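For reference, the structure is listed below as structure tokens.
The values are calculated or read from the model by the stated rules, or taken from the named source; none is laboratory data. The shown structure was predicted, so the numbers you read here are calculated from the model rather than taken from an experiment. For neighbour counting, all protein chains shown are included, and Cβ atoms are generated from backbone atoms with ideal geometry for every residue, glycine included.
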Amino acid sequence: MRTIVTVFVVGFCLTVASVFAASINDQLAEMQDEFEELVANEGELLSPRNFNEAEKHLNKARDEFQKGKDIASIGTRLKKAKDAIDAANKVIDTAHQIFETSLEARNACYDVNAMKYAPKEYVKAEDTFKSAIGALEADKLKAAGQKARESEAFYRDAELIAIKVDVLGKARSAIKEAEESDADKYASTSMQLSRDLLDEATSVLDVDRSGKGLKKATVRARKSAYEARHAMYITRRAQSLEKDKTGLEVFVLESEDYLKKLTAALEYKAVYDEGFSRPLDEMAAIVSSIRKNLGADIVRLNTALAEQTNKADSLCTALSKLKKKYKKKVGKLKSELEELIAASSQADSIRAAKEAEAQALENLIQFAYDSFNDTEAAVLMQDNDLVIRVIGLKFDVGAATLQPASFGLLGKLQKVLHEFLDYEVTIEGHTDSQGSDKINLELSKSRADAVLQYLLSTSDKLNAGMIQSTGFGEAKPIASNETKDGRAQNRRIEITINDVK
């Protein structure tokens, strides 16, 4: 009998222990959910002391439960974690009320990456905000409010500095680079304009860092950077003229070449023996005349359109009468009219498709023009061919080995050729007249082959079937071989994209 009672008691105790363990496990899961909600509500930021206390007791409760420790002790840990979470939530509710503008300023700093662009000011704001949180957790509301206002001011300072560094940084860097290149000596007007624009952008940000103000300041900052780069270009040209006695003539001739493209488009033959004023005035008059004539053409077209509309209306009236008079013929007439409309629509579609195709080609050609600067290549149309006259490639002297400095330019050439995959391409090598004809011819062929092989080996789009290379040696000069500059121009690679128009 005593044995039976003992077994019953032991079983009862095990059952009770199992029930308590299941209850504690449920409490742990519930407390974990509340803690995760506290994390989502920024408890670690807005009530760090209570947050850390809750995390500590929850972790210890979980550890003791896994190790099978005393259930009563685990329950005490969970109660302390619950109290800390409740205290943290109370502090968070108060923080959202008295720290609202401080939190907005802090988020604004995050949006403009103040941690990167204004680290010193941002850390100062963060430390002050933490002091405000500490005062709030200590129930010192007055001190917390004062520290919050201080932190808001510091956050706004950091935000403004970050915006200025980000938005104005490129303009400042461009101005600094221009100053180092001595641009104030050669392009003082452009430099002053660049500085004035930067000052305007800075002033805008000082009074308005909203989206509208930021956009306005960004536009001025970009213009400032442009003017600084423009000043550097003027400086380089001016310094070049100082060093080279023939530089002024080359500069004038280059300018005339640019104008010749415009005069050719206007079918106007300009002369420059008295400078640019007369040709520019005459071209302006031509453009004005074209615009005037275009206006007259539009008026005539509108008049013709009105006449055609009237005719169409008359035809519709006549058609209506015919429909009433000849009911049996209406179906046939309607069918014929629909066919005419369809044909007209088809013609419009074909014309639109051709115009779109032509515009796409023009865009590709313009892309080729825009891909190179004056020291890299000149792009021109010869009859129906697009020619890229490359002068910036670097080879070892007397050899066909491309120097690494040329790889960037070759990459640009490759991008252009990727846009013309449906066209045949010829790579031509040219030399100056120094040396024998035979050596120059072989060298020009080898250099053209070197360019071809580089382009093919570094691209998964180009193939040998669309590109061929050849060399002409000194046979096709584009400048005099009697001067150093002329010989430099004659040593070139020309890439011809055939029959683009």
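Among the residues of segment 447-496, the ones that are basic (Lys, Arg), within 13 Å of Glu428 (Cβ to Cβ) and surrounded by 16 or more Cβ atoms within 10 Å (Cβ to Cβ) come to 3 in all. Checking Ala221, Ala270, Ala228 one by one, the residue that is more than 30 Å from Ala378 (Cα to Cα) and either assigned to a helix (DSSP H, G or I) or over 21 Å from the mean Cα position of the chain (by Cα) (or both) is Ala221 and no other.
So for segment 44-53 (the condition being surrounded by 17 or more Cβ atoms within 10 Å (Cβ to Cβ), free of Cβ contacts under 8 Å to residues at least 60 places away in the same chain, more than 22 Å from Glu152 (Cα to Cα) and charged (D, E, K, R)), does at least one residue qualify? Checking segment 44-53: at least one residue is surrounded by 17 or more Cβ atoms within 10 Å (Cβ to Cβ), free of Cβ contacts under 8 Å to residues at least 60 places away in the same chain, more than 22 Å from Glu152 (Cα to Cα) and charged (D, E, K, R). Looking across Ala318, Ala304, Ala284, one residue alone is modelled with pLDDT under 80, part of a helix (DSSP H, G or I) and outside the structural domain of Leu340 (by TED's automatic domain parsing). It is Ala318.
For segment 393-432, filtered to residues that are of a type in the set (Lys, Arg) and out of contact with any helix residue (DSSP H, G or I) (no Cβ under 8 Å at 6 or more places or on another chain), the residue that is surrounded by the most Cβ atoms within 10 Å (Cβ to Cβ) is Lys412.
Please find, within segment 200-221, the residue that is modelled with the lowest pLDDT out of those that are surrounded by 15 or more Cβ atoms within 10 Å (Cβ to Cβ) and either touching a Gly at 6+ places or on another chain (Cβ under 7 Å) or basic (Lys, Arg) (or both). Out of the qualifying residues, it is Arg209. I need a count of the residues in segment 28-56 that are basic (Lys, Arg) and over 14 Å from Lys90 (Cα atoms). Number satisfying all stated conditions: 1. Annotation for segment 342-351: no member residue is out of contact with any helix residue (DSSP H, G or I) (no Cβ under 8 Å at 6 or more places or on another chain) and not in a helix (DSSP H, G or I).
All told, Ile175 falls short of being surrounded by 14 or more Cβ atoms within 10 Å (Cβ to Cβ), touching a Ser or Thr at 6+ places or on another chain (Cβ under 9 Å), touching a residue at least 60 places away in the same chain (Cβ under 8 Å) and not assigned by TED's automatic domain parsing to the domain that holds Pro48.
Of the residues in segment 379-397, not one is closer than 26 Å to Asn490 by Cβ, of a type in the set (Gly, Ala, Ser), within 48 Å of the chain's Cα centre (by Cα) and modelled with pLDDT of 90 or more. Those residues that are surrounded by 11 or more Cβ atoms within 10 Å (Cβ to Cβ) and in contact with a Pro (Cβ under 9 Å, 6 or more places away or on another chain), I need them from segment 263-285; list them, please. Residues satisfying the conditions are Thr263, Tyr268, Ala270, Tyr272.
Scanning segment 86-104 for residues that are surrounded by 14 or more Cβ atoms within 10 Å (Cβ to Cβ) and within 30 Å of Met232 (Cα to Cα) turns up nothing.
Exactly one of (1) among the small types (Gly, Ala, Ser); (2) buried (at least 17 other Cβ atoms within 10 Å of the Cβ); (3) under 48 Å from the mean Cα position of the chain (by Cα) is unmet by Ala153. Its number? Condition (2) is where Ala153 drops out. Of the numbered criteria (1) at pLDDT 90 or above; (2) in a helix (DSSP H, G or I), the one Asn373 fails is (2).
Of all the criteria given as (1) among the hydrophobic types (A, V, I, L, M, F, W, C); (2) modelled with pLDDT of 75 or more; (3) over 37 Å from the mean Cα position of the chain (by Cα), the one not satisfied by Ala265 is (3).
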